[in-house]
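Notes for the one structure printed next.
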Amino acid sequence: MAALLPTASGTPAAATEIPVEPPAGMRRRRWIPYALLAPGLLWLAVFFVYPVFQLVMASLWDPSGSVETGYTFTWQFSNYADAWEMFHVQFLRSLWYALITTVVCVLLGYPLAYAIAIKGGRWKNLMLVGVIAPFFTSYLVRTYSWKAILSDSGPVVDFLKWAHLLGPDGRLLATEFAVIAGLVYNFLPFMVLPLYASLDKLDTRLLEAARDLYHGPVRSFFRVTLPLSMPGVIAGTLLTFIPAAGDYVNAQLLGGPNTQMIGSVIQSRFLVVNDYPIASALSVMLMVTILVLVTVYVSTAGTEEVV
Amino acid sequence: MHGFWRWIAEKWVLLLGFVLLAYLFVPIAVVMLLSFNQPASRNTTYVLDFATFDFTWNNWTDMCGAAGICDSLMRSIYVGLSATLIATILGTLISFALVRYRFIGRGSTNTLIFLPMATPEIVMGTSLLTLFIGLQIPMGFLTILIAHVMFCISFVVVTVKARLAGLDPRLQEAAMDLYATPWQAFRLVILPLVLPGIVAAALLAFSLSFDDFIITNFVTGTSDYTTFPMFIWGSNLRGIPPQVNAIATAMFLISFAFVIAGQLRTRRRSARRAATS
């Protein structure tokens, strides 16, 4: 080790021998990384991993208990059947809304990310600030603002009525359109940011080469730009789909009884009805479904990328 | 006319980008507009109707006029700062371990960091609720803080890690070649270089905590520790006081000013660097 340390008369030859790896002092103390990890990982273990385990347990409680009398753990798998029986409509609707939201977010987010990353030039930083600008106000206020925009006497409804696209007593609030519009708006930045990150890394010379090879912007886009930005598309779709599937703010503020999502059901089962076993079962179902969908999606999208 | 169409052909992607940015800005502009409206009743705070628009300064001059609104704002700031402090420290330590050391369990650590970001908030909220009920922990400031730190850690790790991974590992060696102790090398060389990443992570953590509603809704329980988003949600039935729009607008303008100032500073600094080199 002493040979690696430069001395006062250190020759240039000695300097080039220094390997690129952690300095001697850092390698000797193997406990250091564990000491750095311990507090944070302990926090996650106690307040993330263990609660999820507790949630799974709660989903198997005997539903005849209550908060006052306490619950007993009885491996009550029928909770899942009951939960599905009662709420499969809202459950499937949530996945469907989340899917539409994700697709619309890709369609809107891709041009925006492309414009910023490839064509942005000196506007790049300002445009990025514009993408995160919605985060500068409160999520709930933003959603309420959509409620105002889409309200029955608001400008959008007025215009649609004037254009005869909406009947005289037609409305937008309490429809699927309003809920999905709210979801799209609130999660669009989560789609744009990872897309921007992967498009920004693109070597623009590749695009020029693609133009030379494939003649025409459309083909070169689909054969070069899009495949190279797939990591961003995957990250963006996950960051949009996952929160959208569990959201209940948009459904609650912009929707009606016919647009209820599973989040609203879980929320009211937990906080209003206090029906913990069924609510926990719904929560676990949502978690497992998303986990399975995400795993399948990432593995298929990943292999396509390789091929 | 020919030049115009050529200009469109060249710039249409950029124009489309600006149109989409304008769309992102629409609800913010509406909130700004509504902050100058005196609604007929609290139930019409979020009705945008130019026929009944009633201009007023009251929401701005009397921001704390609605009962409990400014208390809830202070609570959100307090929770946000506390959660940011803890999460930034814990997350930064984790990212140093992940980037600078090779150790057994690195893969599973990365998975554990990734999982909270891939879990719907409602699942985290409900699972924390069952934990707190099971352990009979009273809901309030402490349970909110625990939850906020939990979901902020992963975002801090990801942000700091990105900055740290871009650092040349030889910088530390260079410092130690110049007889710096490992601690000095860290404090005088590494930390100043990573600091922008840590600051960015702290800002992200604060904004996540400050604005969180879904998880907070589960871990507030029946306590009266109402954060700002919970105040808005709780006002739903009685109607939302119009001051909310003034506060939301102020929040937007302050954050916007901060970000623009930061942008200008980095731009000026890089211009200076370009001039001197």
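A compact globular protein would have a Cα radius of gyration near 2.2 N^0.38 Å; the ratio found for the protein assembly as shown is 1.06.
An ellipsoid equivalent to the stretch B:38-110, defined through the eigenvalues of its Cα gyration tensor, has semi-axes of 49, 16, 9 Å when rounded to whole angstrom and sorted largest first. When a/c reaches 1.5 or more, the comparison of a/b and b/c decides; with that in mind, is the stretch A:236-307 rounded, prolate or oblate per its Cα gyration tensor? Note, shape of the stretch A:236-307 comes out oblate. Rounded to 0.05, the FRET efficiency of the A:Asp212 and B:Ile8 pair, given R0 = 25 Å and the Cβ-Cβ distance, is 0.55. Averaged over peptide B:237-246, the number of partner chain Cβ atoms lying within 10 Å of each residue's Cβ comes to 1. For the stretch A:164-231, taking Cα atoms only, Rg and Dmax work out to 19.2, 56 Å respectively. Count Lys and Arg as plus one, Asp and Glu as minus one, and take only other residues whose Cβ is under 12 Å from that of B:Phe4; the net charge is then +1.
For a 4.7 Å threshold on C-beta separation, the list of partnerless cysteines in chain B reads B:Cys152. Three semi-axes describe the equivalent ellipsoid of the stretch B:1-157; taken as square roots of 5 times the Cα gyration tensor eigenvalues and ordered largest first, they are 40, 32, 14 Å.
The dipole here belongs to the protein assembly as shown: it is taken about the Cα centre, uses +1 on the Cβ of Lys and Arg and -1 on the Cβ of Asp and Glu, and is about 2140 debye.
Across the stretch A:64-199, the fraction of Cα-Cα pairs farther apart than 27 Å, rounded to a whole number, is 46%.
Each helix, a run of at least 4 DSSP H residues, gives -39500 (n - 2.57); summed and divided by the residues of the protein assembly as shown, these come to -23000 deg cm²/dmol at 222 nm. Every Cα-Cα pair of chain B was included, and the share exceeding 29 Å stands at 52 percent. Extension gain for the segment B:Gln184 to B:Leu253, taken as residue separation times 0.36 nm less the Cα-Cα distance, is 20.8 nm to one decimal. When both the stretch B:79-124 and the stretch A:134-172 are represented by their alpha-carbon centers, they are found 39 Å apart.
Averaged across the residues of A:164-172, what count of C-beta atoms belonging to other chains lies within 10 Å of each residue's C-beta? Per residue, the average neighbour count from other chains is 0. Positive end of the dipole of the stretch B:68-240 (Cβ unit charges, origin at the Cα centre): among B:Ile89, B:Leu142, B:Pro192, the Cα lying farthest that way belongs to B:Pro192.
Note on B:113-120: average number of Cβ atoms from other chains within 10 Å of each residue's Cβ is 6.
With R₀ fixed at 22 Å, the C-beta to C-beta distance from A:Ile100 to A:Phe159 puts the FRET efficiency at about 0.45.
With a Förster radius of 30 Å applied to the C-beta separation of B:Leu195 and A:Asp203, the computed FRET efficiency comes to 0.50. Bin all alpha-carbon pair distances of the stretch A:87-306 at 10 Å intervals from 0 and give each bin's fraction as a whole percent. Binned Cα distances yield the sequence 8, 26, 30, 23, 11, 2, 0. Calculated over the stretch B:165-277, the projected area of the Cα convex hull averaged across directions stands at 11.5 nm².
No lab work stands behind these numbers, since they all come straight from the coordinates. Just so we're clear, the structure is a prediction, and the values are computed from it rather than from any experiment. With ideal geometry, Cβ positions are generated from the backbone for all residues, glycine too; neighbour counts draw on all protein chains shown.
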